[in-house]
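The values are calculated or read from the model by the stated rules, or taken from the named source; none is laboratory data. No experiment lies behind these values; they were computed from the predicted model shown. Positions of Cβ are generated from backbone atoms using ideal geometry, with glycine treated the same way; all protein chains shown enter the neighbour counts. In case anyone asks, the SASA skips ligands and DNA or RNA and just uses the protein heavy atoms, side chains included. Shrake-Rupley method; radii C 1.70, N 1.55, O 1.52, S 1.80 Å.
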Amino acid sequence: MNELTFLGSNINLVKAHNLRALLLSLLYEGSVSRVELAEKTSLSTTTVTNLISELRDQGIVFEEGLEETSGRRRVGRPRTALHLVADARFAVGVHIGIGMFRVTVTNLFAEMICSNIVQFDLEAPAEQVLEMIAEWIEKTIDDSHVNRQRIIGVGIGASGLVNYQTGVNILAPSLKWHDVPVREILTSKLNIPVVVDNNVRAMALAEAFFGAGRGVNSLAFVYGRVGVGAGFVVGGQIFRGSSAGAGEIGHTIIIPEGGQLCRCGKRGCLETLVSETSLISQAMEIAATHPDGLLSQHLNQEDGGRTIERIFAAARAGDQKTRKMIEQCACYLGMALANLVNVINPELILLGGLFAQSEELILPVAENTMRELSFAGLGEKVRVQTTSFGWRAGVIGASALALTTFFYHQAEGI
Ligand SMILES: [Zn+2]
């Protein structure tokens, strides 16, 4: 939307650009009248009418009459609302996590039609993992029974530093990936356009278009798992910074002296204090010194779920040491959020991953700390809540990335 460009343009490019603006506005707004659409896109109502009529013929847009609220009869054409047809097109989203990936097929409303979760060996070379991902994309498309011709593209949300322009995963320490040309490899295996970005940026985008961020001008998504990252969306656009690194909140320094060594080589990074790895290692220390405590009982339980879930369960069951440890983590997270508020002052902060999983344990403390520490009451108006999509945030984010990147290509080509 509203991309700045200094390039000249021929008539077809202008049309494609206008279609893109219309389709993204429809994705972003959900339901909108022609007049509003013309205002939002700065296109003339005639251009909007012509393009919408093409999109309607293609079955992408439908129009419905709006009820008159004034009670007076209107003169001229009745007011109508334009909507996208949810199942007119589809997108594939892939969230590459640490040792597992999720694949989904969604419709234009980012509603999941079908999804799969697959584990992979962290020692396997990147090429092999991408081969598996390509196979599972094909399988998930088959499982969804969606017409392949209606799939507009594949979005990949990968951890670490990702160059969106080139589709290269520059560095993902947890995966041991370095300069992996993800887009090139997957495009050569699938006959569908592929777009790659950082997974947390993709999650922020999904919230802006389809979740709690709808109608919000600026939002930050903060995700914690093995690493801790952030994504920013301002005015419906992802903010990526000058290179690939906007949002590396996990490597902001919280303890400048005597902090633990981070995998980035620095000491005292946020990630060393609040990541899943950090919480687990702190919990293990508590369990070792209190072998009969509630935490040890939860950790030793058979079929108690993932380690991090057992730790949260022990805290919920009343293990005071575990609660205190989590509270301390929430304080550190709150400090980082205050710094973030001071720098970008977002309207909304959304927490995902383990921060959403432990919402009632972490969010109140993190939020209070953020409000106390942010400059001159800047934090007072910032809303803080957990992601709208739970564990689906990653795949829905990746799918949103595909929808917002490729929608106009498909519409133009029909
Ligand atoms: Zn670090």
**Complete:** Expressed in nanometres to one decimal, the distance between label points 7 Å along Cα→Cβ at Gln301 and Val14 is 6.6 nm
**Request:** Provide the net charge surrounding Pro125, with neighbours chosen by a C-beta distance below 11 Å and charges set as Lys +1, Arg +1, Asp -1, Glu -1.
**Result:** -3
**Prompt:** Using the beta-carbon distance between Arg150 and Ile344 and R0 = 35 Å, what value does 1/(1 + (r/R0)^6) give for FRET efficiency, to the nearest 0.05?
**Reply:** 0.40
**Prompt:** Averaged per residue, what accessible surface does the chain expose to a 1.4 Å probe, in Å²?
**Reply:** 47 Å²
**Prompt:** What residues qualify as long-range amide H neighbours of Val384, i.e. H under 5 Å apart, gap of 5 or more or another chain, H built at 1.01 Å from N?
**Reply:** Ile349
**Asked** Once amide H atoms are placed 1.01 Å from N in the peptide plane, what residues at a sequence separation of 5 or more from Asn198, or on another chain, have their amide H within under 5 Å of its amide H?
**Response** Ala158, Val162
**Message:** If you average the C-alpha positions of region 128-200 and of region 310-324 separately, how far apart do those two centres end up, in angstrom?
**Reply:** 38 Å
**Request:** Report ³J(HN,Hα) in whole Hz for each residue of region 231-239, in order, from the Karplus equation J = 6.51 cos²θ - 1.76 cosθ + 1.60 where θ = phi - 60°; Gly and Pro get x.
**Result:** x, 10, 10, 10, x, x, 10, 5, 9
**Item:** Label-point separation, Ser188 to Lys139 (7 Å along Cα→Cβ), nm
**Value:** 2.3 nm
**Message:** So, R0 is 56 Å and r is the distance between the beta-carbons of Glu360 and Thr46; what FRET efficiency does that work out to, to 0.05?
**Reply:** 0.55
**Asked** How much of Leu171 can a 1.4 Å solvent probe reach, expressed as accessible area in Å² and rounded to 10?
**Response** 70 Å²
**Prompt:** What length, rounded to one decimal in nm, is gained on full extension from Glu380 through to Gln128, with 0.36 nm per residue of separation minus their alpha-carbon distance?
**Reply:** 85.9 nm
**Fill in**
So Met100 and Phe62, fully extended at 0.36 nm per residue minus their Cα-Cα distance, gain in nm 9.8 nm
**Fill in**
So the angle from the long Cα axis of helix 199-210 to the longest Cα principal axis of the chain, reported in degrees to the nearest 10, equals 50 degrees
**Message:** Report the rotationally averaged projected area of the chain based on its alpha-carbon convex hull, in square nanometres.
**Reply:** 24.0 nm²
**Request:** Any chance you could give the angle, 0 to 90 degrees and rounded to 10, that helix 307-316 forms with the longest Cα principal axis of the chain?
**Result:** 80 degrees
**Message:** If you average the alpha carbon positions of region 28-69 and of region 332-378, how far apart do those two centres end up, in angstrom?
**Reply:** 38 Å
**Asked** Antiparallel DSSP bridges in the chain: what percent, to the nearest 5?
**Response** 65 percent
**Message:** Probe radius 1.4 Å, ligands and nucleic acids ignored: give me the carbon and sulfur share of the accessible area of region 8-55 as a rounded percent.
**Reply:** 51 percent
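Viscosity 1.002 mPa s, temperature 20 °C: Stokes-Einstein D of region 80-219 from its Kirkwood Cα radius, in µm² per second?
Approximately 137 µm²/s, per Stokes-Einstein.
What's the long-distance tail for region 214-387, i.e. % of Cα pairs beyond 31 Å?
17 percent
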**Message:** Output the 0 to 90 degree angle, nearest 10, between the alpha-carbon long axis of helix 276-289 and the longest principal axis computed from the alpha carbons of the chain.
**Reply:** 20 degrees
**Label-to-label distance, nm, for residues given as Met112 and Gln260 (7 Å Cα→Cβ offset)** = 3.0 nm
**Request:** With the full set of protein chains in place, find how many percent of the accessible area of region 214-387 is carbon and sulfur; take the probe as 1.4 Å.
**Result:** 51 percent
**Request:** Would you mind classifying region 347-414 by shape? Square roots of the alpha carbon gyration tensor eigenvalues, ordered a ≥ b ≥ c; an a/c under 1.5 is rounded, otherwise it is prolate if a/b is larger than b/c and oblate if not.
**Result:** oblate
**Fill in**
Here the Cα Rg-to-2.2 N^0.38 Å ratio for region 192-281 is 1.22
**Request:** Just flag the trypsin sites (Lys or Arg not before Pro) in region 125-191 sitting in loop per DSSP whose Cβ has no more than 14 other Cβ atoms within 10 Å.
**Result:** Lys176
**Request:** Would you please name the GluC sites (Glu not before Pro) within region 280-347 that are DSSP coil residues with at most 14 other C-beta atoms within 10 Å of their C-beta?
**Result:** Glu302
**Asked** Name the GluC sites (Glu not before Pro) in region 103-171 that are in a loop by DSSP and that have at most 10 other C-beta atoms within 10 Å, would you?
**Response** Glu123
**Request:** In whole Hz, with x marking every Gly and Pro, tabulate ³J(HN,Hα) for region 353-365 from phi via Karplus 6.51 cos²θ - 1.76 cosθ + 1.60, θ = phi - 60°.
**Result:** x, 5, 6, 7, 4, 10, 2, 6, 7, 9, 4, x, 5
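Stretched out fully, how many nm does the piece from Val85 to Glu309 gain, at 0.36 nm a residue minus the Cα gap? Mind dumping the intermediate values first?
Details: separation 224, 0.36 × 224 = 80.64 nm, distance 3.90 nm.
Between Val85 and Glu309, full extension yields an extra 76.7 nm.
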**Message:** Using only the heavy atoms of the protein chains and a 1.4 Å probe, how would His83, His17 rank by accessible area, largest first?
**Reply:** His17, His83
